[in-house]
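This report refers to the structure that appears directly beneath it.
We did not get these values from a lab; they are worked out from the coordinates using the rules stated. No experiment lies behind these values; they were computed from the predicted model shown. Neighbour counts are summed over all protein chains in view; Cβ atoms, including those assigned to glycine, are modelled from backbone coordinates with ideal geometry.
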Amino acid sequence: MRQLVLPLLLLACLGCAESASLVANTSRASQQSTEDFDVTVVQTNTPTVMRNQHDADVQFDITVKNRTQVPYTVKRITLQTMAGTTYSIPVTSREYDKTIAPGKEETFGYWARAEVSEIGTARRPMTVRTSIEATDAEGATRREVFTSRINGHVQLQVSDAAVSAAASSR
């Protein structure tokens, strides 16, 4: 049933005399959390991949929310793709030294080199594994691993150019 909703909405928009825009999110709600931390990964750039290019720099924002009662200092974040389409990111790690107060969140900029297998853009739906290593005030280290699907958004825009032009000239 869920698979029929998007095509039916598209057909309904095509039948309209007015301009229409349809936006659908095909990804699942955030399930990247544990009892103590919530992690959100967002790809923030869309590098264009040209012919004979086999890699691209991809930027992510990784937001970590500390749901504990003590501050934690993030020391390392590791990211890799688990499944994807035309590009993949091998295991990469970045070191940080940022403390997150209890109940607060911090965003970490993260650049990774993607291995690309096809021209176009390096922004397709994929599954990423993110590992966060953090220490508390007493020096105890913990490692949390999160898996999430990113870039699962689809946007379709349907418009009638004549109707759009007539509406803008009024």
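Between Glu35 and Gln53, the modelled label-to-label distance comes to 4.6 nm, taking each label 7 Å out from Cα in the direction of the beta carbon.
Where a ≥ b ≥ c are the square roots of the eigenvalues of the C-alpha gyration tensor, would you call segment 29-151 rounded, which needs a/c under 1.5, or, failing that, prolate if a/b is larger than b/c, or oblate? Prolate.
How do Met50, Met82 line up, fewest other C-beta atoms within 10 Å first? Let's see the in-between values first.
Numbers: Met50 10, Met82 13.
With the fewest neighbours first, Met50, Met82 line up as Met50, Met82.
When Arg51, Arg149 are arranged by Cβ crowding within 10 Å, least crowded first, meaning fewest neighbours, the order is Arg51, Arg149.
Looking at segment 49-131, which GluC sites (Glu not before Pro) are in a loop (DSSP not H, G, I, E or B) and have at most 15 other Cβ atoms within 10 Å? Within segment 49-131, the qualifying GluC sites (Glu not before Pro) (loop, at most 15 other Cβ atoms within 10 Å) are Glu118.
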